[in-house]
Amino acid sequence: MIVTITPNPSLDRSFELERLFRGEINRAAVDRVDPGGKGVNVSRALNAAGHPTTAVLPLGGFSGMLLSELLRRQGIEVATVRLRGETRINISVVEASGALTKINAPGPELTAEESAALLATARGFTGPETDWLACCGSLPRGLAPGWYADLVAQVHDGGARMALDTSGPALLAALTARPDVVKPNREELAEAVGRELATVGDAVDAAGELRERGAQQVLASLGADGMLLIAGEGSWYGSAPVAAVRSDVGAGDASLAGFLGAGGAGPKALAAAVAHGAAAVKLPGSVMPTPADLDPAGVTITADIPLNRPLGGRTGRPMAGHQVGEREPSGRNCAGTGPDIQHPCTDSDRREP
């Protein structure tokens with residue numbers, strides 16, 4: 001059993017159109033609504049792969065009820081913490097070129113009582129039947145940066161393992177509680193260590209610093225330049241080619257699901273993470289890949305990490321034609337054009353306000 005916790009979930013509405021014209025009426029060719037939020041996507045990807053999962057969610061209003069119903073229709077168990085506020089709705093616009101425009105709502109502000117209820121609900125899943133708790137996304141208004149650290153400690157007290165996919169002060173505060181795996185991207189690694197990362201070797205060093213601060217494993221996505229797993233028992237590098245990208249929404253979450261579903265440690269789990277991320281970018285909206293969508297043969301994993309390989313573009317300034325999903329300083333995502341883009345993992349929907 002893998003339990004996910006998404007403190008700031010959403011309904012994700014996506015539109016596909018030929019081209020977005022600002023200030024004009026635009027007509028979409030495809031319109032879909034999916035359950036959203038990083039932990040929600042991890043549960044959806046686990047469910048698609050046949051792994052039992054429960055999503056712990058603070059939900060409020062009509063959008064919260066719809067989100068819960070959509071998950072239950074997919075066969076995903078939902079543990080709900082009721083909120084007074086309304087669950088947010090996020091908008092994605094995907095153009096034929098691959099360019100992605102996102103509008104993420106801030107979401108409700110949790111009261112002290114709601115924050116305590118969410119923590120207690122998550123703590124209830126730390127028994128021996130739970131293999132992993134995956135806590136994903138930014139913290140909503142009302143939760144202090146140390147909230148994840150408190151949860152990591154309680155998860156370990158209950159005997160379960162903890163995967164954490166967040167950034168900024170929440171990530172740094174949680175490191176002291178020794179999460180079993182953290183999943184930053186290049187931008188978040190650079191932010192955590194306070195410097196730009198110019199090469200794969202720089203990323204390895206930064207991941208090593210996160211381990212020194214408490215993370216037991218670091219699963220780091222580097223956009224077009226691959227994916228790293230840095231752990232006490234070894235370090236590995238993985239990549240996979242993708243010829244055409246349809247949508248990168250939730251692809252990084254699919255990667256984390258693949259990693260945890262494959263045991264959450266070692267090169268086999270890294271290979272599963274890479275395969276899931278590469279498969280997800282070929283699907284519409286935030287649709288999660290099934291086993292039939294995966295191409296394990298296209299994944300390359302090696303312990304011979306290309307330390308001197310330059311990372312495409314300066315940190316925060318992606319180059320034309322590189323990995324879809326790598327964030328610019330504003331939080332926008334690079335469109336990523338060109339043939340055979342390397343897609344080890346993409347993380348388009350992370351760091352909401």
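Inclusion of A224 among residues that are outside any strand (DSSP E or B), modelled with pLDDT of 95 or more and among the aliphatic types (A, V, I, L, M) is not warranted. Residue-level analysis places E109 among those that are open to solvent by 40 Å² or more (accessible area, probe 1.4 Å) and in contact with a Gly (Cβ under 7 Å, 6 or more places away or on another chain).
Consider only pairs whose beta carbons are under 8 Å apart and that are at least six residues apart or on different chains; among these, list those whose first residue lies in region 17-44 and is closer than 13 Å to I5 by Cα and whose second residue is loosely packed, with under 15 Cβ neighbours inside 10 Å. Pairs found: R44/Q74. Take A177 and decide whether it is farther than 24 Å from N308 by Cβ and either open to solvent by 30 Å² or more (accessible area, probe 1.4 Å) or touching a strand residue (DSSP E or B) at 6+ places or on another chain (Cβ under 6 Å) (or both). So A177 fails the test. You will find that of T87, T6, T54, the residue that is touching a Phe, Trp or Tyr at 6+ places or on another chain (Cβ under 7 Å), open to solvent by less than 10 Å² (accessible area, probe 1.4 Å) and touching a residue at least 40 places away in the same chain (Cβ under 8 Å) is T54 and no other. Number of residues in region 260-277 that are crowded, with 22+ Cβ neighbours inside 10 Å and more than 21 Å from G39 (Cβ to Cβ): the value is 1. Does region 289-307 include one or more residues that are farther than 30 Å from V93 by Cβ and of a type in the set (D, E)? Yes: region 289-307 contains one or more residues that are farther than 30 Å from V93 by Cβ and of a type in the set (D, E). Considering each residue of region 148-168, count those that are in a helix (DSSP H, G or I) and surrounded by fewer than 21 Cβ atoms within 10 Å (Cβ to Cβ), and give that number. Adding up the residues that qualify gives 6. Given the condition in contact with a strand residue (DSSP E or B) (Cβ under 9 Å, 6 or more places away or on another chain), part of a loop (DSSP other than H, G, I, E, B) and closer than 22 Å to C136 by Cα, answer yes or no: does some residue in region 186-200 qualify? Among the residues of region 186-200, not one is in contact with a strand residue (DSSP E or B) (Cβ under 9 Å, 6 or more places away or on another chain), part of a loop (DSSP other than H, G, I, E, B) and closer than 22 Å to C136 by Cα, which makes the answer no. Listed by first and then second residue, the pairs with beta-carbon distance under 6 Å, at least 6 apart or on different chains, first residue in region 134-156 and basic (K, R), second assigned to a loop (DSSP other than H, G, I, E, B), are R141/E109. Of all residue pairs spaced 6 or more apart or on separate chains, those with beta-carbon atoms under 7 Å, a first member in region 277-300 that is within 15 Å of S239 (Cβ to Cβ) and a second member that is among the β-branched types (V, I, T) and part of a loop (DSSP other than H, G, I, E, B) are G277/T346; V281/V245; V281/V324; V281/T346. Which condition from (1) touching a strand residue (DSSP E or B) at 6+ places or on another chain (Cβ under 9 Å); (2) open to solvent by 20 Å² or more (accessible area, probe 1.4 Å); (3) outside any helix (DSSP H, G or I); (4) in contact (Cβ under 8 Å) with a residue 60 or more places away in the chain is the one that T80 breaks? Just one mismatch for T80, condition (4). Checking each residue in region 283-337 for being modelled with pLDDT under 70, open to solvent by 40 Å² or more (accessible area, probe 1.4 Å) and more than 19 Å from the chain's Cα centre (by Cα) picks out R314, R317, M319, A320, T337.
Just one of (1) open to solvent by less than 10 Å² (accessible area, probe 1.4 Å); (2) in contact with a strand residue (DSSP E or B) (Cβ under 8 Å, 6 or more places away or on another chain); (3) at negative phi fails for A251. It is (2). A residue that is of a type in the set (V, I, T) and under 23 Å from C135 (Cβ atoms) can be found somewhere in region 6-20.
From the list Y148, Y237, the one residue that fits, being hydroxyl-bearing (S, T, Y) and closer than 24 Å to P128 by Cβ, is Y148. Going through (1) of a type in the set (A, V, I, L, M); (2) open to solvent by less than 10 Å² (accessible area, probe 1.4 Å); (3) within 25 Å of A79 (Cβ to Cβ) one by one, L210 falls short only on (3).
The values are calculated or read from the model by the stated rules, or taken from the named source; none is laboratory data. Just so it is clear, the model here is predicted, and its values are computed rather than measured. Every residue, glycine as well, gets a Cβ built from its backbone with ideal geometry; the counts of neighbours run over all protein chains shown. What goes into the accessible areas is simple: the full protein's heavy atoms, side chains included, and nothing from ligands, DNA or RNA. Shrake-Rupley method; radii C 1.70, N 1.55, O 1.52, S 1.80 Å.
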